[in-house]
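Peer 1: Below is a structure I'd like to ask you about.
The values are calculated or read from the model by the stated rules, or taken from the named source; none is laboratory data. In this text, all values refer to a predicted model and were calculated from it rather than measured experimentally. Note that each Cβ is placed from the backbone with ideal geometry, even for glycine, and that neighbours are counted across all protein chains shown. Accessible surface areas use protein heavy atoms only, side chains included; no ligands, DNA or RNA. Shrake-Rupley method; radii C 1.70, N 1.55, O 1.52, S 1.80 Å.
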Amino acid sequence: IAVCGSLDWLRLTKRPDNAVQMLPTRWLDDPLQWLWFGVTGENQEWFDKRVRVLAEVPAVIKWVSYEPALGPLSIDPERSRWFQWLIIGGESAQGEPARPFMIEWAESAIQQCRRYGITPFMKQTGAAAEYRGKPDKADRMQDFEFEKMELEKYLITKQKNNPPKIRPFYAGGVA
């Protein structure tokens, strides 16, 4: 990872308590610009526990995978300072039936991200999406702002001597 700065490395864990111990000691004082560190926060309980620990991890970009989203998420002003990127998604079905994903949870999370300056990435609605209590079999998210959100991708803009900045990237170019 240290010798491959041309790539952005995304490290994701459900066990952030061990994160600092797993990093080389030289990275603790000088985190790599291209190593992003993330935790899974699939519901409010795990989000609260893991994001608190994520705040202590030495990383330039910190992120949360709210996937599979298993309940609504509330991001408070204090925790919003601890990470820069939120990936949102429902559960894909692989053998077992997928657990429900309420599109309203994603809508709320995106609104909170915008309020606090966090970059949201809507990855997928999953295999059991519901909107307003009804199954969303067509995987359509157009009843509100999702027609734009489903096209969003994110990239890192690296500038000399500046930390990377996350900017929205749309299919037609940088927003």
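Peer 1: Round to a whole angstrom and tell me the spacing of the C-alpha centers of region 68-88 and region 102-122.
Peer 2: 8 Å
Peer 1: Just grab the label-to-label distance for Gln21 and Cys4, each label 7 Å out from Cα along the Cβ direction, in nm (one decimal).
Peer 2: 2.6 nm
Peer 1: Within 10 Å of each candidate Cβ there may be at most 15 other Cβ atoms; applying that plus a DSSP loop requirement, which GluC sites (Glu not before Pro) in region 1-86 survive?
Peer 2: Numbers: sites: Glu42, Glu45, Glu56, Glu78; in loops: Glu42, Glu56.
Here the GluC sites (Glu not before Pro) that fit, given the DSSP loop and packing criteria, are Glu56.
Peer 1: Now for a different question. Taking Cα pairs under 8 Å and at least six residues apart, what relative contact order does region 34-83 come out at, in percent?
Peer 2: Working: 75 pairs, mean separation 23.0, N = 50.
Here the relative contact order equals 46 percent.
Peer 1: Moving to a separate point now. If each of Leu28 and Ser108 carries a label point 7 Å out from its Cα toward its Cβ, how far apart are those two points in nm?
Peer 2: Placing both labels 7 Å beyond Cα along the Cβ direction yields 3.9 nm.
Peer 1: What FRET efficiency, computed as 1/(1 + (r/R0)^6) with R0 = 30 Å and r the Cβ-Cβ distance, is obtained for Ala98 and Asp48, rounded to the nearest 0.05?
Peer 2: Working: r = 24 Å, r/R0 = 0.81.
Calculated value: 0.80.
Peer 1: While we're on this one: What full-extension length gain, to one decimal in nm, is calculated for Leu12 and Lys134 as 0.36 nm per residue of separation minus the Cα-Cα distance? Mind showing how you got there, number by number?
Peer 2: Working: separation 122, 0.36 × 122 = 43.92 nm, distance 3.21 nm.
Extra length from Leu12 to Lys134 when fully extended: 40.7 nm.
Peer 1: Okay, next question. Rank Arg99, Arg11 by accessible area, highest first, at a 1.4 Å probe radius?
Peer 2: Details: Arg99 115, Arg11 80 Å².
Largest to smallest exposure gives the sequence Arg99, Arg11.
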